[in-house]
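A short reminder: the numbers here are calculations on the coordinates, not readings from a lab. Just so it is clear, the structure is predicted and the values come from calculations on it, not from any experiment.
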Amino acid sequence: MNDTILRSEQATPEDVEDLADLRILAMRESLERIGRFDPPQRRLEDMAAKAPKVDEPTAKPAPAGGCAL
């Protein structure tokens, strides 16, 4: 049995860049498929439009466990 316990933490303004990177990685394949993959533009849009309080990174014993959108 796996004893790993995941918990949710409120994102902070310091998390904005990491969350933008995570979104870019998650969306890359789909955006490349339709010819719209532009990481610098995606980062600007994410950082301008997405309030960190909306996202909750998943905290676990290992670094950067994921993100619940």
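Side notes on the structure shown:
- Extension gain for the segment Asp21 to Gln41, taken as residue separation times 0.36 nm less the Cα-Cα distance, is 6.0 nm to one decimal.
- ³J(HN,Hα) computed for each position of segment 21-28 - Karplus, 6.51 cos²θ - 1.76 cosθ + 1.60, integer Hz, glycine/proline x: 4, 5, 5, 4, 4, 5, 9, 3
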